[in-house]
Amino acid sequence: MLRYRVTAADGRRVEHNATIGLVRELPRERDVWLEVDRRGLLTAINAEKKVGRIRFNELAEFYLKAEHGADAVREKSVTTIPIVEHYVRHYLITRWKDTVAEEITPIEIQRWLVSLHKDKGLAWTTVAKIRGIALRAYKIGIRHGLVEKNPVAHTECRSMSDYRAIIVTPSQTFAILEELSGNKLHFTLVLTFAATGLRSSEILALRWSDILWDAGQIVISKRWAKGKDGETKTAASNSTVPLHPVLAEYLREWHVHTAYPKACDFVFPSLTRNGKVPIWTSTFVADYLRPAAKKAGVQIVDGERFGTHNFRHSLATFLANKAKVEPKTVQGMLRHANVRTTLGIYTQDDQDEKQTAQGVFLSAVGLGSQLVQ
């Protein structure tokens, strides 16, 4: 039995208890506490209040434990958890603190969301994430009987990003590869990024056993995060990408030259760490990729975002606009769960294609080859 005290309506502290299980099933004290943690009992007890009177900071902390604990529908990645905790503690709790959660009004939340963008300079996409976390915190609070209403549900926020990724053309990619041709590791790394559109964390996690030479495929079953292997970003990401013979030839050549060719070795290892971990892409981008890209004619303003992920955007844009590849095929290559992500976020419009489309219309009008006299 778990015994604990709660404050009664008249202010007295009274003892309550909860049945945990039978001694024969939980013979050790450690087993009992594990069962208590699994059921989230301490979290619920510590947050227990009269419904509707829980403070926002308590609601937010309850959300963190419930969302990242046994009740979570999908286990959160090691990269997601600290980001969510940052948003909760440094924005939500900092703003609303010990205010009674149900006394916060939608208009207060709405004005605060706008101020995050206007006064704090946060991008609307970031503001939307913070709103989404607050929305979910209230939902979980309702599910556990801590609150009865969700004021965040009556607010709105812009969620479309105004960020436009720098697109690297095939000719610029070739020029970048030429700049890096003196280093086989860097050359092959960039070529693999450009040809597959893999995320950085996915390429870093690759071992030679993931390269299926005969099948012409690369297996993507994990990603490298926080110094270890983790689950792929989404279920759709856990798949394979094609290995064209041209790319395979360059990978084979790198396999011959690398000092770490075993099946369990990283395809792109850190040479300074004796192959025990993959290469550090942040260092590679700053020291090699950005300078090479600038020399290749890619227009990058100081401070502007540019890295390996730009090749993912560039591949999607080229395949959809120039190569006229079917959207579902592009979606499959990038392993997006929804084709709208492929076309709406990763594929950018192309000036030449738009001008060509305009020319098609003018030709249909009958002005295709006529000039004003």
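How would you order 285-296, 123-134, 243-254 from highest to lowest mean count of nearby Cβ atoms within 10 Å?
123-134, 285-296, 243-254
Can you list residues whose amide H is under 5 Å from ILE104's amide H, if they're 5+ apart or on another chain and H is modeled 1.01 Å from N?
Placed amide hydrogens put nothing under 5 Å from ILE104.
Report the gain in length on full extension from SER181 to ARG305: 0.36 nm times residue separation, minus Cα-Cα distance, nm rounded to one decimal.
42.2 nm
Under the rule of at least 5 residues apart or a separate chain, name every residue whose amide H is placed under 5 Å from the amide H of SER239.
Amide H to amide H, under 5 Å and 5 or more residues apart or across chains, SER239 pairs with ILE220.
Would you order PHE62, PHE174 from fewest to most other beta-carbon atoms within 10 Å of each residue's own beta-carbon?
PHE174, PHE62
7 Å from Cα along Cα→Cβ at both THR79 and SER159: what's the point-to-point distance in nm?
About 2.1 nm separates the two model spin labels.
Pull out the extension gain between THR283 and VAL100, defined as 0.36 nm times the separation in residues minus the alpha carbon to alpha carbon distance; nm, one decimal.
61.3 nm
Students often get this wrong, so check it: of LYS226/LYS295; LYS233/LYS328; LYS129/LYS184; LYS118/LYS139; LYS228/LYS262; LYS295/LYS322, which have C-alpha atoms separated by over 29 Å?
Pairs exceeding the cut-off: LYS226/LYS295; LYS129/LYS184.
Relative contact order for the range 170-352: what is it in percent, counting Cα pairs under 8 Å that are at least 6 residues apart?
With pairs under 8 Å counted, the relative contact order is 25 percent.
Cα centroids of the range 195-233 and the range 277-299: how far apart, whole angstrom?
Rounded to whole Å, the Cα centres lie 20 Å apart.
Once the piece of chain linking LYS118 and VAL246 is laid out straight, how much longer is it, given 0.36 nm per residue of separation minus the C-alpha distance between them?
Between LYS118 and VAL246, full extension yields an extra 41.2 nm.
At R0 = 22 Å, how high is the FRET efficiency between GLN217 and PHE174 if r is their beta carbon distance? Nearest 0.05 is fine.
After rounding to 0.05, the efficiency reads 0.35.
Using the basic label-point model (7 angstrom from Cα toward the beta carbon), what is the LEU2 to LEU34 distance in nanometres?
1.6 nm
Under 5 Å between amide hydrogens, which residues at least 5 positions from GLN217 or on another chain qualify, with H placed 1.01 Å from N in the peptide plane?
Under 5 Å from the amide H of GLN217: LEU212, LEU243.
How many nm separate the modelled label positions at GLU108 and ALA235, each set 7 Å beyond the Cα in the direction of the Cβ?
The modelled label-to-label distance comes out at 3.9 nm.
For the range 170-352, taking Cα atoms only, what is the radius of gyration to one decimal and the Dmax to the nearest whole Å?
Cα-based Rg and Dmax for the range 170-352 come out at 15.9, 46 Å.
If each residue's Cβ is checked for other Cβ atoms within 10 Å, how do MET1, MET333 rank with the fewest at the top?
MET1, MET333
Ranking PHE187, PHE193, PHE266 by Cβ neighbours within 10 Å, fewest first, what do you get?
Ranking PHE187, PHE193, PHE266 by Cβ neighbours within 10 Å, fewest first, gives PHE187, PHE266, PHE193.
State, in angstrom, two size descriptors of the range 24-154 derived from its alpha carbons: Rg to one decimal place and Dmax to the nearest whole number.
Just the Cα atoms of the range 24-154 yield Rg and Dmax of 16.2, 60 Å.
Any read-out appearing in this document is the output of simple, stated calculations on the displayed coordinates, not a laboratory observation. Since we're looking at a predicted model, the values are computed, not measured. Glycine also receives a Cβ, built like all others from the backbone with ideal geometry; neighbour counts cover every protein chain displayed.
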